[in-house]
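In what follows, a single structure is set out as structure tokens and then discussed.
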Amino acid sequence: MIYHTAIGDILLKTTDEALIGLHFLTQEEKDVFEGDTDSPSPILRETSAQLDEYFAGKRRVFSVSTKPAGTTFMQEVWDALMKIPYGQTRRYGEIAASIGRPTASRAVGMACNRNPIALIIPCHRVIGAKGDLVGFRGGVDIKEKLLALESEK
């Protein structure tokens with residue numbers, strides 16, 4: 001299902017039990033998925049409702065059931081990302097240190113890049129060593145907009 005937002009369209013993928021994908025779409029990708037008219041499942045309805053609240057500034061933590069597919073290392077990184085509070089950022093090196101792998105900054109970056117549930121697993125809150133906005137699969141412009149949304153009080 002395509003979820004429309006003011007900052008871009010998002011493709012949502014689910015199983016019967018959980019959200020397994022949230023991906024910001026390029027225009028070309030949007031054209032491919034635009035005809036998806038399946039009736040929304042309970043997970044899709046819940047995800048959409050929580051995203052509505054997030055974009056309205058009324059939700060800071062997501063509670064929708066997720067099941068991201070990835071290696072053990074990726075799961076460790078994604079679990080660490082879930083601990084970054086709303087409106088805050090962490091550097092790749094800080095995430096690496098938090099999972100007990102202080103020299104794995106680049107591997108953390110790759111795990112962020114492969115995050116299948118962007119936004120809900122908040123890889124947009126991870127920034128470069130010098131505080132710069134780098135490495136967001138949805139595009140740095142989307143990352144900037146998400147961080148700006150979260151900085152509004």
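So in segment 95-130, with the set limited to residues that are in a loop (DSSP other than H, G, I, E, B) and touching a Ser or Thr at 6+ places or on another chain (Cβ under 8 Å), which one is surrounded by the fewest Cβ atoms within 10 Å (Cβ to Cβ)? Can you show your working first?
Looking only at segment 95-130, we keep the residues that are in a loop (DSSP other than H, G, I, E, B), and these are 99-104, 114-116, 119-120, 122, 128-130.
Next, only the ones that are touching a Ser or Thr at 6+ places or on another chain (Cβ under 8 Å) stay: 120, 129.
Details: Ile120: 21, Ala129: 11.
Looking at residues that are in a loop (DSSP other than H, G, I, E, B) and touching a Ser or Thr at 6+ places or on another chain (Cβ under 8 Å), I get Ala129.
Scanning segment 81-94 for residues that are in a helix (DSSP H, G or I) and under 13 Å from the mean Cα position of the chain (by Cα) yields a single hit, Leu81. Scanning segment 131-148 for residues that are part of a helix (DSSP H, G or I), within 14 Å of the chain's Cα centre (by Cα) and hydrophobic (A, V, I, L, M, F, W, C) yields Val140, Ile142, Leu146, Leu147.
Results for (1) outside any helix (DSSP H, G or I); (2) among the small types (Gly, Ala, Ser); (3) modelled with pLDDT of 95 or more, shown as yes or no for each residue.
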{"site": "His4", "(1), (2), (3)": "yes, no, no"}
{"site": "Ile20", "(1), (2), (3)": "yes, no, yes"}
{"site": "Glu28", "(1), (2), (3)": "no, no, no"}
{"site": "Asp36", "(1), (2), (3)": "yes, no, no"}
{"site": "Ser39", "(1), (2), (3)": "yes, yes, no"}
{"site": "Thr47", "(1), (2), (3)": "no, no, yes"}
{"site": "Gly57", "(1), (2), (3)": "yes, yes, no"}
{"site": "Val61", "(1), (2), (3)": "yes, no, yes"}
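Taking each residue of segment 96-116 that is closer than 14 Å to Leu81 by Cβ and looking for partners that are part of a loop (DSSP other than H, G, I, E, B) and modelled with pLDDT under 95 with beta-carbon atoms closer than 7 Å, six or more apart or interchain, yields Gly109/Gly135; Cys112/Gly135; Asn113/Gly135; Asn113/Arg137.
Take Ala96 and decide whether it is modelled with pLDDT of 95 or more and either among the hydroxyl-bearing types (Ser, Thr, Tyr) or in contact with a Pro (Cβ under 9 Å, 6 or more places away or on another chain) (or both).
Working: modelled with pLDDT of 95 or more: yes; either among the hydroxyl-bearing types (Ser, Thr, Tyr) or in contact with a Pro (Cβ under 9 Å, 6 or more places away or on another chain) (or both): yes.
Yes: the conditions hold for Ala96.
The values are calculated or read from the model by the stated rules, or taken from the named source; none is laboratory data. Computed from a predicted model, the values in this text were never measured in an experiment. Backbone-built Cβ (ideal geometry, glycine too); neighbour counts: all protein chains shown.
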